[in-house]
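Report on the structure given below.
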Amino acid sequence: MTTLPAHDMGPAADGFRKEIRAWLAKHWTPEKQAAHLRKPFNERGYDNEFSRLMGRDGWIGLGWPKHFGGQGRSPTEQIAFITEIANAGAPAHAHTTSETIVAQALFQHGAKEQQDEWLPAIKHGERLFALGYSEPEAGSDLAALRTRAVRDGDHWVVNGQKLWSTGADKADHMWLAVRTDPEAKKHAGISVLMVDLRTPGITIRPSMALYGKTFSTHFYDDVRVPAKNMVGAVNTGWKVITDALAAERVMIGGTRMAALERAFDHLTEYLKTAVVGGKALKNDPVIRDRIGALAADLEVARQFQMRNSRLVEQGRVPLHEAAMGKVFASELQERLGQAALDILGTAGLLSEDTPGAPVGGHMEQLLRHSIMGMIGGGTSEIQRNVIAQRGLDLPR
Amino acid sequence: MSISQPTDLEGLSSTERDLLRKSVRELLAKRWPADRAVEAALDGAAVASIWRELAGQGLGALGADTTGLREAMLVFEELGRASCPAPMLGAVAANMTLGHEQSNTAAAFLGDVHRGEARIALALGGFDGDPAAGSMAMRDGALSGRTPFVEGAQTATHFLVLTDGGVAMVTASAPGVAMQATPGLAVPALSELSFTNTPAVHWTMSANRLADIAVVARLACAGRALGAAQRAFEMAVEHAKVRKQFGQLIGQFQAVQHKLADCLTSLDGARLTLESAADARDNGNPDWRFFAAAALAFAGPALREVSIQTHRALGAIGYAEEHEAPRHFRRVHADLARFGGAPRARAELADLVLGPAT
């Protein structure tokens, strides 16, 4: 069921889609799906066992270069994969950060021994990472981070506090940005550590975010991290972080796009037959006008995403283009959620916990979730700075 | 005949299209300079001359096959950028409708178009999409009816008129033709045409083919609006890099940066979707009308907003009619309001997504 016509992604991607569907049909069975839906909302999307199954059958690391054990699939094929997984509602969040951000950084900045040890483990759906970036005084201004790491023999000793880490309570490792030189200029004194969350001295305190899943505050009290777990040279962490982020934005965009298309499909499928107060909703000219506008915006979001993929395929790093795609798609999610509330009226407030809620009760969650898209991974305002300063070369 | 050479411009690679864009832009910069563009647009001889030059580059033959819309869109964008009212839309419509007709009349007529001797104004009538656009019909071999909102009529040699059953070709000087310029936001002005038992050559065509011509006309107008909006936007960006207020460049103010960032997003979104729609049509993708409607539904409000924000960045400097920006404001708004505009495109998308209203 897709409302928008598919773009021809070429025979390779189309053939690949068939393979993915066949695998999902075999392994993402109706029984597993039903069991997954019985889990609390907060836990859905994360399934360590399913991640290991995907790893076993080679579905992790599709886009990795072959010499790192990947399949060297094109971004177009990776997006086909993400879309199929999203359409099937299969849980793949558990390994996503490891697969995209951590692995990407290890390709570029990891030591040979780190690559040999960590990449195969990630590929097998083990070593599930969360990101430890934000702090109480370092949000958009990430480089202001103060969590301190001090060298002590073969270890770094970490002290500090991190905030808003999605999935930290479900992960087993942290991709942790720390300050290793407090005297240097703020971008120049940062390093990245891979931290085993079972290490003594770590406290993880999850809190519920507006969209119904947790994010965590985590505290580090004299946590000893082996020095061999630092990725990149000491004090070069800012480059490690930003390099990985650029490539990752395209894939995150793919996930968001797939979710948006699915939400729009749900809404339009409902509208085709819904009768409220004796009137068929689909005949309402205001609703039709709104749906037409949203369909156009979805197509624009798809075009931004496809451009990003093309740029990556040409070996270029989309920077302001990626920012554009993120701003547009995340703000479109907000518009879609708001339109759904206007169209459904009070019934749009009902969640999936209310039996018989229209559109499965998904629309109010879509709206709550949209805020995350406009904040996480760089706020819309930061993205607009990037577009203005990098895309238009406006003065800082 | 020079028809074979120009068709070489269709189905180009993206690198070749970049070269085509460059050559069209250079020609227009030389022959249609910005400082004389507004004046020249009202001068029939100047329009006739630039059209001969553009046709000399083979551009008058675009659209003859089911490919070439990508290339034609690029030309529309450049014409919008240069504020040049060359009758490209009429030529593309003529090639689309008559390119496969075997008759000598059609071949001779298209030959004149391809050489730049014929300048065609297109009247969509009942296919216009604007309910006030009137309609025309053939009776006993003659054309009758009236239609407002026709562009390029004052400098045209021929009118290509969509009727209820096909397409009619009328010589501008034919008996029974009345023409009235209707000044407004669009410069040059649109015109109202009326035909009273006017002799016309008529070719019968299916309603679907005629409707597709209207889709291409809408894409063409959006392409011109994009070119005009882009050009004015570039002027605003350059302005923001040199204009100082409160002791700093206005381009350093985040309020200005974010405004211009949103404009770039809108321009890129409009360009990507318009190109994708033209690509889909050139590749024979049956969904191309969906992609066209999506491009038009987005470009309408988005490019208008770009035009407005461009003026806000330029301030009073860009508000004088002697500045280049106002002509682009007119072009953007005039082109986006025509043929049913964005509301029609949204209605079409709703038809495709929800099914027709019952």
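The values are calculated or read from the model by the stated rules, or taken from the named source; none is laboratory data. Fair warning: this is a prediction, and the values are worked out from it, not measured in the lab. Please note: Cβ atoms are built from the backbone with ideal geometry, for glycine as well, and neighbour counts cover all protein chains shown.
Within the group B:Pro286, B:Pro301, which residue is closer than 24 Å to A:Arg288 by Cα, more than 22 Å from the chain's Cα centre (by Cα) and surrounded by fewer than 20 Cβ atoms within 10 Å (Cβ to Cβ)? Please lay out each step first, then the result.
Values: B:Pro301 fails: more than 22 Å from the chain's Cα centre (by Cα).
Just a single option satisfies the conditions, and that option is B:Pro286.
Would you pick out the residues in the range B:341-358 that are assigned to a loop (DSSP other than H, G, I, E, B) and at the interface with another protein chain (Cβ under 7 Å from one of its Cβ atoms)? If you could, list the steps in order and put the result at the bottom.
Taking the range B:341-358 and keeping what is assigned to a loop (DSSP other than H, G, I, E, B), we get B:355-358.
Within the range B:341-358, B:Gly355, B:Ala357, B:Thr358 qualify.
The conditions are (1) over 29 Å from B:Asn285 (Cα atoms); (2) in contact (Cβ under 8 Å) with a residue 40 or more places away in the chain; (3) not small (Gly, Ala, Ser), and A:Thr83 fails exactly one of them. Which is it?
So A:Thr83 meets the others, but not (1).
Would you mind telling me which numbered condition in (1) touching a Phe, Trp or Tyr at 6+ places or on another chain (Cβ under 8 Å); (2) under 19 Å from A:Leu24 (Cα atoms); (3) not charged (D, E, K, R); (4) not in a helix (DSSP H, G or I) A:Phe81 fails?
(4)
Looking only at residues in the range A:21-46 that are at pLDDT 95 or above and under 22 Å from A:Thr97 (Cα atoms), which one is surrounded by the most Cβ atoms within 10 Å (Cβ to Cβ)?
Among residues in the range A:21-46 that are at pLDDT 95 or above and under 22 Å from A:Thr97 (Cα atoms), the one surrounded by the most Cβ atoms within 10 Å (Cβ to Cβ) is A:Trp28.
Do we have any residue at all in the range A:162-172 that's assigned to a strand (DSSP E or B) and in contact with a Lys or Arg (Cβ under 6 Å, 6 or more places away or on another chain)? Please lay out each step first, then the result.
Initial filter on the range A:162-172 (assigned to a strand (DSSP E or B)): A:162-166.
If we keep only those that are in contact with a Lys or Arg (Cβ under 6 Å, 6 or more places away or on another chain) too, we end up with none.
Within the range A:162-172, not a single residue is assigned to a strand (DSSP E or B) and in contact with a Lys or Arg (Cβ under 6 Å, 6 or more places away or on another chain).
Between B:Leu27, B:Leu19, B:Leu62, which is of a type in the set (A, V, I, L, M), surrounded by fewer than 24 Cβ atoms within 10 Å (Cβ to Cβ), without any contact (Cβ under 8 Å) to a residue 60 or more places away in the chain and in contact with an Asp or Glu (Cβ under 7 Å, 6 or more places away or on another chain)?
On the way: B:Leu19 fails: in contact with an Asp or Glu (Cβ under 7 Å, 6 or more places away or on another chain); B:Leu62 fails: surrounded by fewer than 24 Cβ atoms within 10 Å (Cβ to Cβ).
Checking each option against the conditions leaves just B:Leu27.
If you take the residues of the range A:320-338 that are of a type in the set (A, V, I, L, M, F, W, C) and either within 8 Å of chain B (Cβ to nearest Cβ) or under 17 Å from the mean Cα position of the chain (by Cα) (or both), which of them is surrounded by the fewest Cβ atoms within 10 Å (Cβ to Cβ)? Give the derivation first.
At the first step, the residues of the range A:320-338 found to be of a type in the set (A, V, I, L, M, F, W, C) are A:322-324, A:327-329, A:332, A:336.
Checking which are either within 8 Å of chain B (Cβ to nearest Cβ) or under 17 Å from the mean Cα position of the chain (by Cα) (or both) leaves us with A:322-324, A:327-329, A:332.
Numbers: A:Ala322: 28, A:Ala323: 24, A:Met324: 26, A:Val327: 26, A:Phe328: 24, A:Ala329: 25, A:Leu332: 21.
Ranking the candidates gives A:Leu332 first.
Answer with yes or no whether A:Thr242 is hydroxyl-bearing (Ser, Thr, Tyr) and crowded, with 16+ Cβ neighbours inside 10 Å. Give the derivation first.
Working: hydroxyl-bearing (Ser, Thr, Tyr): yes; crowded, with 16+ Cβ neighbours inside 10 Å: no.
No.
Within the group A:Thr217, A:Thr242, which residue is at pLDDT below 95, under 24 Å from A:Gly373 (Cβ atoms) and of a type outside the set (Lys, Arg)? Please lay out each step first, then the result.
Details: A:Thr217 fails: at pLDDT below 95.
From the options A:Thr217, A:Thr242, the qualifying one is A:Thr242.
Given the conditions (1) polar (S, T, N, Q); (2) crowded, with 21+ Cβ neighbours inside 10 Å; (3) closer than 22 Å to B:Trp51 by Cα, and given that B:Gln154 satisfies all but one, which numbered condition is not satisfied?
Against the list (1) polar (S, T, N, Q); (2) crowded, with 21+ Cβ neighbours inside 10 Å; (3) closer than 22 Å to B:Trp51 by Cα, B:Gln154 comes up short only on (2).
Can you pull out the residues in the range B:232-248 that are surrounded by fewer than 23 Cβ atoms within 10 Å (Cβ to Cβ) and more than 7 Å from chain A (Cβ to nearest Cβ)?
Once the filter is applied, which keeps residues that are surrounded by fewer than 23 Cβ atoms within 10 Å (Cβ to Cβ) and more than 7 Å from chain A (Cβ to nearest Cβ), the range B:232-248 yields B:Glu234, B:Met235, B:Glu238, B:His239, B:Val242, B:Arg243, B:Lys244, B:Gln245, B:Phe246, B:Gly247, B:Gln248.
Filter the range B:44-79 down to the residues that are closer than 25 Å to B:Ala270 by Cα and among the hydroxyl-bearing types (Ser, Thr, Tyr), then identify the one that is modelled with the highest pLDDT.
Among residues in the range B:44-79 that are closer than 25 Å to B:Ala270 by Cα and among the hydroxyl-bearing types (Ser, Thr, Tyr), the one modelled with the highest pLDDT is B:Thr67.
Please report, ordered by residue number, the strands (runs of 3 or more DSSP E) entirely within the range B:148-189 with at least 2 residues that are over 16 Å from B:Val92 (Cβ atoms) and not assigned by TED's automatic domain parsing to the domain that holds B:Asp212.
B:166-171, B:177-182
Pick from the range B:315-326 the residues that are surrounded by fewer than 20 Cβ atoms within 10 Å (Cβ to Cβ) and assigned to a helix (DSSP H, G or I): which of them is nearest to the chain's Cα centre (by Cα)?
From the range B:315-326, those surrounded by fewer than 20 Cβ atoms within 10 Å (Cβ to Cβ) are B:315-317, B:319-324, B:326; that's our starting set.
This time we only want the ones that are assigned to a helix (DSSP H, G or I), so: B:315-317, B:319, B:326.
Values: B:Gly315: 28, B:Ala316: 29, B:Ile317: 28, B:Tyr319: 25, B:Pro326: 18 Å.
The qualifying residue nearest to the chain's Cα centre (by Cα) is B:Pro326.
Restricting to the range A:44-58, count the residues that are under 30 Å from A:Glu352 (Cα atoms) and touching a residue at least 24 places away in the same chain (Cβ under 8 Å).
10
Scan the range B:260-269 and give yes if some residue there is within 21 Å of B:Ala214 (Cα to Cα), small (Gly, Ala, Ser) and either part of a strand (DSSP E or B) or within 8 Å of chain A (Cβ to nearest Cβ) (or both), otherwise no.
Keep residues of the range B:260-269 that are within 21 Å of B:Ala214 (Cα to Cα), which gives none.
No: zero hits.
When only residues in the range A:1-54 that are part of a helix (DSSP H, G or I) and basic (Lys, Arg) count, which is nearest to the other protein chains (Cβ to nearest Cβ)?
We begin by selecting, within the range A:1-54, every residue part of a helix (DSSP H, G or I); these are A:10-27, A:30-38, A:41-43, A:48-54.
Subsequent filtering for residues that are basic (Lys, Arg) retains A:17-18, A:21, A:26, A:32, A:38, A:52.
On the way: A:Arg17: 18, A:Lys18: 21, A:Arg21: 21, A:Lys26: 31, A:Lys32: 32, A:Arg38: 33, A:Arg52: 39 Å.
By that ranking, first place goes to A:Arg17.
What is the residue count in the range A:102-129 for residues that are part of a loop (DSSP other than H, G, I, E, B), touching an Asp or Glu at 6+ places or on another chain (Cβ under 7 Å) and among the hydrophobic types (A, V, I, L, M, F, W, C)?
Filtering the range A:102-129 for residues part of a loop (DSSP other than H, G, I, E, B) gives A:110-111, A:124-128.
Filter again for touching an Asp or Glu at 6+ places or on another chain (Cβ under 7 Å), leaving A:127-128.
Right, trim to among the hydrophobic types (A, V, I, L, M, F, W, C) and you get A:128.
Adding up the residues that qualify gives 1.
Select from the range A:298-319 the residues that are charged (D, E, K, R) and surrounded by fewer than 24 Cβ atoms within 10 Å (Cβ to Cβ) and write down the one among them that is nearest to the other protein chains (Cβ to nearest Cβ). Quick ask: steps written out before the conclusion?
Keep residues of the range A:298-319 that are charged (D, E, K, R), which gives A:299, A:302, A:307, A:310, A:313, A:316.
Cutting the leftovers down to surrounded by fewer than 24 Cβ atoms within 10 Å (Cβ to Cβ) gives us A:302, A:307, A:310, A:313, A:316.
Numbers: A:Arg302: 9, A:Arg307: 6, A:Arg310: 10, A:Glu313: 14, A:Arg316: 15 Å.
Step by step, filter the range A:298-319, then rank; the result is A:Arg307.
Going by the structure shown, is A:Arg288 free of Cβ contacts under 8 Å to residues at least 40 places away in the same chain and on the phi < 0 side of the Ramachandran plot?
yes
Given B:Gly227, B:Gly184, B:Gly251, which one is at pLDDT 95 or above and surrounded by fewer than 20 Cβ atoms within 10 Å (Cβ to Cβ)?
Working: B:Gly227 fails: surrounded by fewer than 20 Cβ atoms within 10 Å (Cβ to Cβ); B:Gly251 fails: surrounded by fewer than 20 Cβ atoms within 10 Å (Cβ to Cβ).
The conditions single out B:Gly184.
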